[in-house]
Amino acid sequence: MDFKLKKTVALVGMMGAGKTAVGTALARQLDVPFLDSDAEIELAADRTIAEIFERDGEAFFREKESQVIARLLQEKRCILSTGGGAFLAPRNREFIGQTGVAVWLKADLDILWMRVRHKTTRPLLMTDDPHETLRQLCDIREPSYANARIVVDAKPELSIEQMAQKVIDALLEHPDVLEKTS
């Protein structure tokens with residue numbers, strides 16, 4: 001089956017929601033490029049996100065993140081995985097809304113914790129109680145994620161490919177974003 005992607009799809013949601021994994025599968029199924037804003041930031045800065053946070057602070061990181069997202073949205077249509085905090089910034093929501101569409105990969109706390117609890121690459125979880133920190137981040141961030149035009153619920157029993165198909169099904173309900181061509 002062939003598709004025509006009419007707008008960049010920006011995947012938003014918490015760390016561990018599957019933005020990179022599902023985004024990669026989605027891009028493959030739609031035959032479009034996959035970009036990851038965090039990877040692009042690391043490439044431009046020649047250091048990891050954790051190193052940027054440690055050296056320059058979160059405010060500096062968020063400024064660079066906005067610049068990178070704005071640039072990536074101007075490039076050819078793609079699937080764009082954004083960092084967990086990116087969609088909190090009103091300007092990023094505006095950038096995405098103007099030229100693309102936000103899709104919230106909504107996952108509950110248990111799924112997120114299962115996926116991130118052993119990772120050492122999550123600077124915001126480097127606390128005495130990372131589970132509680134994750135819960136607080138969800139509480140703070142979910143109202144912003146709710147501004148996404150499309151919401152796709154993650155389920156633990158779904159494979160990455162099945163989640164990508166679920167996103168495609170949701171996108172097809174928006175003909176200004178995605179249509180079947182054959």
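The values are calculated or read from the model by the stated rules, or taken from the named source; none is laboratory data. Nothing here was measured: the structure is a model prediction, and the numbers come from that model. Note that each Cβ is placed from the backbone with ideal geometry, even for glycine, and that neighbours are counted across all protein chains shown.
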For the structure I just gave you, tell me whether Leu11 is in contact (Cβ under 8 Å) with a residue 60 or more places away in the chain, assigned to a helix (DSSP H, G or I), under 21 Å from Asp176 (Cβ atoms) and within 13 Å of the chain's Cα centre (by Cα). no
Yes or no: segment 19-28 includes at least one residue that is more than 19 Å from Val177 (Cα to Cα), in a helix (DSSP H, G or I) and touching a residue at least 24 places away in the same chain (Cβ under 8 Å). yes
Out of Leu158, Leu134, report the one residue that is of a type in the set (A, V, I, L, M) and either under 26 Å from Asn92 (Cβ atoms) or touching a Gly at 6+ places or on another chain (Cβ under 6 Å) (or both). Leu134
Would you say Leu80 is modelled with pLDDT of 95 or more and either among the β-branched types (Val, Ile, Thr) or surrounded by 13 or more Cβ atoms within 10 Å (Cβ to Cβ) (or both)? yes
With the requirement that a residue be under 17 Å from Asp110 (Cα atoms) and of a type in the set (Phe, Trp, Tyr), what does segment 124-173 give you? none
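Listed here are the residues, each with its yes/no results for (1) outside any strand (DSSP E or B); (2) in contact with a His (Cβ under 7 Å, 6 or more places away or on another chain); (3) modelled with pLDDT under 90; (4) over 20 Å from Ser144 (Cα atoms).
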| site | (1), (2), (3), (4) |
| --- | --- |
| Leu35 | no, no, no, yes |
| Asp38 | yes, no, no, no |
| Phe53 | yes, no, yes, yes |
| Phe61 | yes, no, no, no |
| Ser66 | yes, no, no, no |
| Arg71 | yes, no, no, yes |
| Gly97 | yes, no, no, no |
| Arg115 | yes, no, yes, yes |
| Leu124 | yes, no, yes, no |
